[in-house]
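Quick notes on the structure that follows.
The values are calculated or read from the model by the stated rules, or taken from the named source; none is laboratory data. Quick caveat: nothing in here was measured; it's all calculated off a predicted structure. Side chains included, ligands, DNA and RNA excluded: accessible areas come from the protein's heavy atoms. Shrake-Rupley method; radii C 1.70, N 1.55, O 1.52, S 1.80 Å.
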Amino acid sequence: MPDTPPSLLIRLRDAGDQRSWQQFFDQYWRLIYHFARACGLKSDDAQDVLQEVVTDVFKAMPQFEYDRSKGTFRGYLRTVTQRKVISLLERRRARPAISLHQGDDGNGHQQLHDPAGPDAEEMWEINWRRNLMQVSLARVAKEVEPKTFQAFQLTALEGWTPASAAEFLKLSVSSVYVAKYRIIERLKYWVEKETKEDDQP
Amino acid sequence: MNNVFSDFELEQYLARTLSPGRLKRLEAVLPESPDLQARLAKLREAQKVEAAVRDSFAIRMPPEQEEEIRKRSVDQISSEFSGHGR
């Protein structure tokens with residue numbers, strides 16, 4: 001059963017728990033990387049930010065007390081990431097030979113954001129939700145039969161009609177609908193669970 | 001199932017017969033059918049989840065690129081961790 005943020009954080013306090021760190025990384029790397037990219041960093045620099053954030057969290061964890069009344073984990077992670085992005089941008093501005101990326105890079109980074117600007121939090125929240133959905137999708141994919149997941153992929157993501165998906169997967173049309181709803185229900189479950197865990201004071 | 005329509009039967013029917021505008025009008029004239037209203041609300045919620053899943057792919061890259069970034073970062077971080085007595 002995948003961990004919720006608090007239980008994962010508790011295990012992260014044990015610096016030797018490699019599995020927990022791997023899980024932490026898998027859960028959050030896209031979020032940190034894409035936030036950095038959306039702030040204008042090139043891929044190599046965004047990877048530097050990712051590594052610095054993870055190692056900072058690693059160093060902070062043994063003393064870290066997860067007290068929700070002081071804020072959410074996603075707020076904490078945003079603060080750490082913002083600081084790293086700002087710090088790297090300042091270093092880069094001091095050495096302008098290394099440029100920021102401009103315009104659409106094909107990964108949805110059409111608009112660059114100031115990591116210290118008023119819309120940074122909103123951008124983080126958008127990416128947090130996207131990341132949570134991706135992580136949840138990966139979890140659900142492991143929970144169900146491959147055909148069930150394929151039925152969802154084909155109809156919900158690739159625009160196939162239920163009839164075409166049913167024919168391709170050798171299922172009844174009804175089974176395709178049932179599979180799709182099952183995946184959606186599981187996605188809702190994971191997203192709500194993770195959000196609740198992180199939001200509760 | 002106790003209800004007249006199962007979810008997929010209802011969606012099949014709606015998909016065949018109703019545009020989003022007509023669906024809205026149908027909902028407006030069915031106040032006396034809380035069960036159907038609830039089912040339509042459930043469908044709308046499912047459509048929202050589908051849209052959110054599609055939107056979440058904005059932070060995905062081609063698998064090879066993702067794997068390369070992931071692996072490189074893990075290697076770097078592991079080496080950093082090793083430097084801290086692990």
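Accessible-area rank, largest first, for A:191, A:176: A:191, A:176, with all protein chains present and a 1.4 angstrom probe. Computed from backbone phi, the HN-Hα couplings of region A:165-173 come to 4, 4, 5, 5, 8, 6, 10, 7, 4 Hz, rounded to whole numbers (Karplus: 6.51 cos²θ - 1.76 cosθ + 1.60, θ = phi - 60°; Gly and Pro given as x).
Calculated translational diffusion coefficient of region A:144-201 (25 °C, 0.890 mPa s; Stokes-Einstein with Kirkwood radius over alpha-carbon pairs) equals 204 µm²/s.
My understanding is that a pair violates if its Cα-Cα distance is over 27 Å; which of A:59/A:188; A:59/B:48; A:142/A:196 do that in this structure?
Working: A:59/A:188 33 Å; A:59/B:48 39 Å; A:142/A:196 22 Å.
With Cα atoms farther than 27 Å apart: A:59/A:188; A:59/B:48.
Summary of the geometry: region A:9-82 and region A:114-162, compared by the centres of their Cα atoms, lie 20 Å apart.
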